[in-house]
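Data block below; observations after.
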Amino acid sequence: MPKVYNWQIGRDMEYLYDEARPKKQFAMVMDTNKCIACQTCTVACKTTWTSSRGQEYMFWNNVETKPYGFYPLGWDVNILDKLGVQDIDGPVYKGKTIFEAAPAGDRMLGYLPDDLDYAHPNLSEDDSVGSMTQGAFMQVPHMQWMHYLPRICNHCTYPACVGACPRQSAYKRPEDGIVLIDQMRCRGYRECVRGCPYKKPFFNSITRVSEKCVGCYPAVEEGRQTQCTITCIGKIRLQGFITTPQQANEDNPLDYIIHFAKVARPLYPQLGLEPNVYYIPPIHVPPAYLKQLFGADVASAIAAYRKAADDKKLLGALLLFGATADIIHRFKVTDQFAIGYNEKGDELVRVPFREPIFLRPAFDEAYQSVRSNIT
Amino acid sequence: MKAMSRILYLTALGLGLAGCVTSGPESAATDVEPVAARGSHYAAQLSKAVPAPDGGLQAVRVAGKGALLDPFAKEWDGVKPVTVAMQPQVVATPNQPNPAVTELSVRSLHNGHWLGVLLEWKDGSKSDRLVVDRFGDQVAVELPVIYRADSAPNPMMGAPGERVNIIQWRAAFQADLERKRELSIKDNYPNAASDLYPDQVLKTLDLRSYMGAAGVDNPVAKHRESPVLDQVAEGFGTLTTKPHQEADGRGVWKNGVWRVVITTPMSADGANAPRLIPGDHTVVAFAVWEGAAQEVGARKSWSDWVPLKLAR
Ligand code: SF4
Ligand code: SF4
């Protein structure tokens, strides 16, 4: 197998094809600390993309409660279990990726979920890891905890779905790195479903082929962020493009958050796909668990996030979440504002660091009436 | 994978089969490793395994001129079945080293206009419902588009410039035929409930972009009038559905046995159809997938070329 460089695990690794990075790479940052699991993103995606026959069970975007929530059931614990215990300490990953752990006759380590694994899309919603004993009080990290994990396809740099498909029906677009399944070419072998450790390709039992999150490519082509991003109630998401650490540009808000401030981490980087959705880890969750999810650097990511108030540029980048429907390519912070620009350099949005304060007296002079709600 | 190619290579030599062992085709899939041996060896090897008269299949001539579509037609009774050994596809990944079906029983007829191939194999479970973890039973007949006795194309789906015609029957398409209406979610999940679909509110033209594979007329995504796909290939990963679907077939599962007939017109349609002339020789190969064992695509068992003589 060809050798490619995966910066998330700090080393070369085996992949099915040679390294071929797209001109731009679709990416998203999600701040898990702000997600309220309202599922607005899920519904926005569902109504946009998966309302047809055979798509009834599909959630290209889903939000699960960790550690016990999964969609499909057990997706991550199943593949971690198959991969076995690996050494995830240190900047260079010493364990095996799913490509390096491929059993004989297969292209990667994977598994096909059971049909019933998709039966309960929000199983274990809000379940925490234990119950509180008499007299317990809240500490941080919490002794009983859970957190929300919103998920879309990671539009991976080294997609397992692309590597798995013997017909080359799954492909990565050179212009923006979005990973798609050619609906004409696919014959429904489900190798992508089996191969993708994140279980983001879905089999459509009516059209008899596989489908996956399309990264809202028609919107992205027009410079607009994905549906799940722009509808997010918690303003937890920012979608744009990312570069490698070597080419990182501190004026690109995603690059700044990921490569400079280093507060966001990929999901299960040890699997070797170089996924392009980055998470600001939930700060109240025990580090041992988070390390498995987000890799060795998770503790420093949390430490940096806690100090966000000292890093005005980071604070500015975080303010741009949910501030505009357009894709922000560059940003700048001034004394008062975080300003986002599009690819051409036009200003898209200007977000104040401090919201102006308006005082509304309890008595409304104009209407000569008392306000019952003055918030 | 390399080791396995070598085993095939050594087996061919070990059996004392002469001929040129060349490196294999460049496939469209960049990761496919070279195939170490070519068709002629397999044909010779197989004639040992199949003790059929004259070393292969005879397509017996019958009267009539229509498609040979009835798997239970009485004409089949007069033809002696030939047992074809099936082996795991292990040249390309992914694969299934221990496929469920190890032999097919094959018969052949022709009427001067249509060739018919009757395939039978044991299968304890009829698999024609496709949901994420369920795959369908399938069988395929492969014929070279151009056959020269001195150099048969690569039996493993052909090679660039060595086009083969692959006619694949699928149990799920057979189920379409018997259902006589569009597949609905309740066929796959009887208790499913759904409210409104785009096709209930939008006109056909606006609808296409909501229909996924069906919206782009993917041949596997639409309701099938025929249970077979008439295709061509020039190597792994190149299987392409022919613009004109000419072949046809029927399959019946009874008492743990699939009995499937695949039929194709003998009048050639140029670059995509095999030359089938009464009195001539050609070769034929087979592939089979056991749905219950999750065999699909490259996870299959296949045969080498079997000589096929078309009666005059
Ligand atoms: S819309 Fe935003 S806050 Fe709501 S569940 Fe989705 S990611 Fe979380
Ligand atoms: S998350 Fe899965 S489906 Fe998405 S690009 Fe990666 S491997 Fe493919």
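The values are calculated or read from the model by the stated rules, or taken from the named source; none is laboratory data. Nothing here was measured: the structure is a model prediction, and the numbers come from that model. Glycine also receives a Cβ, built like all others from the backbone with ideal geometry; neighbour counts cover every protein chain displayed.
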Worksheet item: Looking only at the range A:6-18, which residues are in contact (Cβ under 8 Å) with a residue 24 or more places away in the chain and either within 14 Å of chain B (Cβ to nearest Cβ) or within 16 Å of ligand 1 (Cβ to nearest atom) (or both)?
Response: A:GLU14, A:TYR15, A:LEU16, A:TYR17
Worksheet item: If we scan the range B:96-106, do we find a residue that is within 24 Å of A:PRO166 (Cβ to Cβ), within 14 Å of another protein chain (Cβ to nearest Cβ), modelled with pLDDT of 50 or more and out of contact with any helix residue (DSSP H, G or I) (no Cβ under 8 Å at 6 or more places or on another chain)?
Response: yes
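Could you list all residues from the range A:19-39 that are within 14 Å of chain B (Cβ to nearest Cβ) and in contact with a Phe, Trp or Tyr (Cβ under 9 Å, 6 or more places away or on another chain)?
Selection gives A:GLU19 alone.
Yes or no: the range A:145-156 includes at least one residue that is away from ligand 1 (no atom under 16 Å from the Cβ) and within 20 Å of the chain's Cα centre (by Cα).
yes
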Discussion item. Name the single residue that is farthest from B:VAL228 (Cα to Cα) among those in the range A:188-200 being in contact with a strand residue (DSSP E or B) (Cβ under 7 Å, 6 or more places away or on another chain) and at the interface with another protein chain (Cβ under 10 Å from one of its Cβ atoms).
Written reply: A:VAL193
Discussion item. Quick check on the range A:51-70: of everything there that is out of contact with any Cys (no Cβ under 7 Å at 6 or more places or on another chain) and within 13 Å of chain B (Cβ to nearest Cβ), which residue is surrounded by the fewest Cβ atoms within 10 Å (Cβ to Cβ)?
Written reply: A:SER51
Item to complete: Looking only at the range B:224-247, count how many residues are in a loop (DSSP other than H, G, I, E, B), under 14 Å from B:ILE167 (Cβ atoms) and of a type in the set (A, V, I, L, M, F, W, C).
Response: 2
Discussion item. Quick check on the range B:9-26. Is at least one of its residues more than 30 Å from A:GLU14 (Cβ to Cβ), assigned to a loop (DSSP other than H, G, I, E, B) and modelled with pLDDT of 95 or more?
Written reply: no
Worksheet, complete the sentence: Sole miss for A:THR229 among (1) within 16 Å of ligand 2 (Cβ to nearest atom); (2) crowded, with 24+ Cβ neighbours inside 10 Å is condition (1)
Discussion item. Here is a list: A:THR42, A:THR48. Which entry is part of a helix (DSSP H, G or I), within 14 Å of chain B (Cβ to nearest Cβ) and either farther than 30 Å from A:ALA102 by Cβ or in contact with a helix residue (DSSP H, G or I) (Cβ under 8 Å, 6 or more places away or on another chain) (or both)?
Written reply: A:THR48
Worksheet item: So which residues in the range B:197-230 are more than 15 Å from A:SER52 (Cβ to Cβ), small (Gly, Ala, Ser) and over 31 Å from the mean Cα position of the chain (by Cα)?
Response: none
Worksheet, complete the sentence: Here the residues within the range B:233-263 that are more than 14 Å from every other protein chain (Cβ to nearest Cβ) and farther than 27 Å from B:GLU75 by Cα are B:LYS242, B:HIS244
Practice prompt. Could you check B:ALA192 against (1) among the small types (Gly, Ala, Ser); (2) part of a helix (DSSP H, G or I); (3) modelled with pLDDT under 95 and say which number it fails?
Written response: (2)
Worksheet item: Which residues, counting only those in the range A:201-224, are more than 14 Å from chain B (Cβ to nearest Cβ) and over 14 Å from the mean Cα position of the chain (by Cα)?
Response: A:VAL220, A:GLU221, A:GLU222, A:GLY223, A:ARG224
Item to complete: May I ask you to list pairs of residues, at least six apart or on different chains, whose Cβ atoms are under 6 Å apart, with the first in the range A:59-71 being over 15 Å from A:CYS232 (Cα atoms) and the second being within 16 Å of ligand 2 (Cβ to nearest atom) and among the polar types (S, T, N, Q)?
Response: A:TYR71/A:ASN62
Item to complete: Go through the range A:120-170 and give me each residue that's small (Gly, Ala, Ser) and either surrounded by fewer than 16 Cβ atoms within 10 Å (Cβ to Cβ) or within 16 Å of ligand 2 (Cβ to nearest atom) (or both).
Response: A:GLY130, A:SER131, A:GLY135, A:ALA136, A:ALA160, A:GLY163, A:ALA164, A:SER169, A:ALA170
Worksheet, complete the sentence: Filter the range A:61-110 for residues that are farther than 18 Å from A:ASN6 by Cβ and among the acidic types (Asp, Glu); the one that is nearest to ligand 2 (Cβ to nearest atom) is A:ASP76
Worksheet item: Restricting attention to the range A:31-53, which residues are of a type in the set (Lys, Arg) and more than 23 Å from B:LEU196 (Cα to Cα)?
Response: A:LYS34
Worksheet item: Of all residues in the range A:290-311, which are of a type in the set (Lys, Arg) and without any contact (Cβ under 8 Å) to a residue 40 or more places away in the chain?
Response: A:ARG306, A:LYS307
Worksheet, complete the sentence: By residue number, the members of the range A:206-237 that are part of a helix (DSSP H, G or I) and of a type outside the set (A, V, I, L, M, F, W, C) are A:TYR217, A:PRO218, A:GLU221, A:GLN227, A:THR229
Worksheet item: Does A:GLY69 satisfy the criteria of being modelled with pLDDT under 95 and within 26 Å of A:ILE302 (Cβ to Cβ)?
Response: no
Worksheet item: Among the residues of the range A:174-194, how many are more than 17 Å from A:TYR57 (Cβ to Cβ), in contact (Cβ under 8 Å) with a residue 60 or more places away in the chain and under 19 Å from the mean Cα position of the chain (by Cα)?
Response: 3
Worksheet entry | Check on A:GLY272, of a type outside the set (Val, Ile, Thr), on the phi > 0 side of the Ramachandran plot, surrounded by fewer than 22 Cβ atoms within 10 Å (Cβ to Cβ) and away from ligand 1 (no atom under 16 Å from the Cβ) | no
